[in-house]
Amino acid sequence: MKMQHNYFEVARTVDLAAVTSFYESVGYNRGVHSDDRIMVVRADRRIIGAVRLCEDAGTLVLRGMYIAENLRGKGIGVRLLEYTSGEIGPAECWCVPYVQL
C-alpha cells in the first residue's frame, strides 16, 4: 500500500467548491463563506480534512473541524489543529467541541 504524504495549507478562493464537497461528504452542513479562513489537509491533492476560522460578533471562532472518516485516529486532526494554531497566532480564538473531541 502506497503511503500518502499529507500537507496543510490555507484554502484559496478557488478551493471553496472542493471544501464544500468535502464538508458535504462528512455530513457538515453549516456552509462555507468567502470571508472564512479555511485550513485544509490534503493527501495526493485531495482534501481529507478541514477547519474554518470565522468571525462571530468580533470574536474568532474555530468551526467545522473534520477529518475524513476512514482516516480518523491517525493524528491528522492533531496536526491540522497545530497548523491552524500557527495561523491564529496570538489572537484569541474560541471553540465549542463535540463531546468526542
For the chain, longest principal axis from Cα atoms; helix 76-88 axis from its Cα atoms; angle between them, nearest 10 degrees, is 40
Rounded to one decimal in nm, the spacing of the 7 Å Cα→Cβ label points at A17 and E87 is 2.1
Given the candidates A91, L16, I47, the one whose Cα lies deepest towards the positive end of the charge dipole of the chain, counting +1 at each Lys or Arg C-beta and -1 at each Asp or Glu C-beta, is I47
Per the helix-only model, the chain has a calculated mean residue ellipticity at 222 nm (DSSP H runs of ≥4, -39500 (n - 2.57) each, divided over all residues, rounded to the nearest 500) of -7000 deg cm²/dmol
For the chain, dividing by residue count, accessible area per residue (probe 1.4 Å) in Å² works out to 67
Mean separation of Cα contacts under 8 Å (at least 6 apart) over the residue count of segment 1-79, i.e. the relative contact order in percent, is 26
Measuring from its Cα centre, the chain shows a charge dipole (+1 at each Lys and Arg Cβ, -1 at each Asp and Glu Cβ) which, in debye to the nearest 20, is 460
Which of G58, G73, G86 fluctuates most in a GNM of the chain (C-alpha springs under 10 Å)? That residue is G58
With Cα coordinates, the longest principal axis of the chain makes an angle with the long axis of helix 16-25, in degrees rounded to 10, of 70
Under a Gaussian network model of the chain whose springs join Cα atoms within less than 10 Å, the largest fluctuation of G89, G77, G49 belongs to G89
Counting only protein heavy atoms with a 1.4 Å probe and every protein chain in place, the carbon and sulfur fraction of the accessible surface of the chain in whole percent equals 53
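The values are calculated or read from the model by the stated rules, or taken from the named source; none is laboratory data. Computed from a prediction, not measured in an experiment: that's the story for all the values here. Don't worry about glycine lacking a Cβ; one is built from the backbone with ideal geometry, like all the others, and counts go over all protein chains shown. Keep in mind that these areas ignore ligands, DNA and RNA; they rest on the heavy atoms of the full protein, side chains included. Shrake-Rupley method; radii C 1.70, N 1.55, O 1.52, S 1.80 Å.
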